[in-house]
Structure formats: structure tokens, C-alpha cells
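What follows is a single structure, written as C-alpha cells, with notes after it.
Derivation of every value follows stated rules applied to the coordinates shown; laboratory data play no part. Note that this is a predicted model, so its numbers are computed, not measured. Here Cβ is always computed from backbone atoms with ideal geometry, including for glycine, and neighbour counts include all displayed protein chains.
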Amino acid sequence: HDLRNEDLKDLHELGQGNGGSVKKVEHTPTNTIMAKKIVLIDAKPSVRKQILRELQIMHDCNSQYIISFYGAFISDPNICMCIEFMDKGSLDGIYKKIGPIDIEVVGKVALAVLEGLTYLYDVHRIIHRDIKPSNILFNSKGQVKICDFGVSGELINSIADTFVGTSTYMSPERIQGAQYTVKSDVWSLGISLIELALGRFPFSDSASDDSDLSDFENTLSPSRPGNLDFTNNKTEKEKRDKKKKRKSMGVSLQGGGMTMSILELLQHIVNEPAPRLSPEGRFPRESEEFVDSCLLKDPDARQTPKDLLKHPWIEASRSNTIDLEIWASTF
Ligand code: ATP
Ligand code: MG
């Protein structure tokens, strides 16, 4: 029983990312609600078939911390993937709606993501490569699951050809061109956890300018770096327009009257101390310490997801009896 586009009834759009869009659909023969992700790629038919073959690995990814997979097909010229529908959406949407997320819930999220990453790597040798709040999904049963992991090497290549794919959740070693490892995902998790706990993306100078970063999109739009003009000899009006444009492109970071371009931000990640859960004392010491260990800039010093499952904050989160199903019913 292969999935066919004809059997899917569009209900409504769930969201849009840089590489495509996601729709809530009903698989009418089985009355199953699914999320259909349309991946815009510009690849030869042979490459698309190869991607489809590689995506089949997702059928074998069975874990309560990983989104389940119904199937994929080519819908010329795009690839469609049907995955489990998560009725509370992604964690970025949740904090943008309800504000900073309680640190005990953040602890449960950290535990789920580490479990998911450990499963993917230990069982399938898969590295996620795109951990961020929009790829951590939540449902009204209180389950937390990760999605959009790098199963298909061909798909990663095709998207890389089409999009810049520069993410501000990227670790310093990745920015500097090193190989991806499971530890790069740990960095991205650290950044994501701060974002959830503070209710805003961490790379900004909130003390001097708390301008709204909540709608900050974290990946550069479909454009090549060469298309961006970072020169500084502009009139005030040009600067304002540019700022607006950058903001809509999601590369504007403001703090202390400064606007950081994506390149400046990447430089900042490489050269400056990592962000922390702040202000000091607002969060439990063990949570601060956990985030600090995710955000060690030296990947050799950083632990793997599996090691971090033994961290005291994660062990405490595991035995925490907070009910995420009840929490989910509050929004
Ligand atoms: P990017 O393209 O930078 O990775 P993204 O993760 O937001 O950003 P998509 O993966 O296309 O982009 O997802 C778009 C939105 O659709 C997500 O932010 C999420 O809110 C929603 N979404 C994705 N998958 C599901 C799902 N299985 N169930 C419910 N909502 C989903
Ligand atoms: Mg996504």
C-alpha cells in the first residue's frame, strides 16, 4: 500500500520553511491525519529516485522520540514526505504563542531530544544536522519528537545546491567547515534550549535593546551569499530599507543599536563566548551547567548525546513527574 497523492486531501497549511511547506492532510482510504511536507528541489529524475530510496530508512526509525513516517513519493517536480501529524506544532510556535517555556518542561524537551539523537545515531548512524525549535514537535498527549533529520545524503546535497542552508544554530566548528558530528547537534540543542527558556533567540543584546526577535527566522532565504551586499556606505534610508529587508529575510539581529548581518553573527558565534542561560540564578544551577556543557566551543571537550543522558539535570528531568499532557492542555 504505497502512498499516493490522489489519496491525500489537503486540510490546511501548517507552516512554511525555507525548503518547502507543510500541510495537514487526510489520507482518505484510512482516515489518517498526516503532515505532508513538500520539499522543493531542483534535481534530475534519477537523483529524485535515489532520494526516495534513501528516505525509506525512515520506515525503520521507530522511537517514541522520533516522528513516524508514512511514506514519500515524487510529485513532479517535488518530493513529498508524509509524517506523523503533531497537533501542538513545533516548539518555536509554542513559545511565540505562550512566551518563555518553564524550565522543567525545557528539561523534558532536552531529555527527549537527547534520547532521539542517541537512538538515531546508535541504531542508524544518523546525525540529525538540523536541531532547532521548529524541528522539535509536540502533541496534546504530551509527547516530544524530533523531525527533519538528515536521512538522505542525496537530499542534503540537493538542498545544499538550492539553498544556502546557513543556520544560526550551527556550531562554531561547522561554521569553520569541519565535519558534522553528533556533537554539532549538541551545540544546536544548547542554543535551542536557551531560546525556549528565555522565549527569544539567544544571540542578541537584550540588556540594551529588547527589540522583537521573536519572529526571527533562523536560516538564510534561498539566495546565495554572494547576492547579499554587506557594504556599509549607505544613506540612512537605504540602511533602513536594508534593515527591513534583512529582517524579513530573517538575518537581522539587533542589540545596542547594532544590526548584525548573518556573516557578523557567524563570526560572533566563532569568536565570542557562547551564550548562557541568564541572568544567573534565574534557572536551576544544574540546568545552567547542562547548557554550558552543550555550548563548549571545543567539540573535543563537548559530550555526545549519549554521555549527556547521564547529566544530573537530565536524570532529574527523567524522574520529574511533571505532566506534559496537562501542560499541553493549557494552550
Ligand atoms: P526550515 O525550513 O528552516 O527548516 P521549518 O522547520 O520551520 O524551517 P518546515 O520543516 O518546512 O520548516 O516546517 C514548517 C512548519 O510546519 C514547522 O515550523 C512546524 O510548525 C510545522 N510542522 C512541520 N512538521 C509538522 C508535523 N509533523 N506536525 C505538525 N506541524 C508540523
Ligand atoms: Mg522543519
Would you mind classifying region 22-84 by shape? Square roots of the alpha carbon gyration tensor eigenvalues, ordered a ≥ b ≥ c; an a/c under 1.5 is rounded, otherwise it is prolate if a/b is larger than b/c and oblate if not.
-> oblate
Cα-centred dipole magnitude for region 98-165, charges only on beta-carbon of K, R (+1) and D, E (-1), debye, nearest 20 = 120 debye
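Can you give the FRET efficiency for D292 and I38, using 1/(1 + (r/R0)^6), R0 = 45 Å, r = Cβ-Cβ distance, to the nearest 0.05?
0.70
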Taking a crude spin-label model, label points 7 Å out from Cα along the C-beta direction, the K97 to V47 distance in nm is 3.7 nm
Taking the Cα centre of region 9-113 as origin and charging only Cβ (+1 Lys, Arg; -1 Asp, Glu), how large is the dipole, in debye to the nearest 20?
-> 220 debye
Of 137-146, 13-22, ordering from highest average Cβ density within 10 Å down gives 137-146, 13-22
Spin-label pair R282/F331, simplified geometry with 7 Å Cα→Cβ offset, distance in nm | 1.6 nm
How many nm is it between the label spots at T304 and H12, if each spot is 7 Å from the Cα in line with the beta carbon?
-> 4.4 nm
Beta carbons within 10 angstrom, averaged per residue: use that to sort the peptides 152-160, 272-280, highest first.
-> 152-160, 272-280
Go through region 278-288 residue by residue and turn each phi into a ³J(HN,Hα) via Karplus (6.51, -1.76, 1.60, θ = phi - 60°); whole Hz please, and just put x for glycine and proline.
-> 9, x, 4, x, 6, 10, x, 4, 5, 6, 4
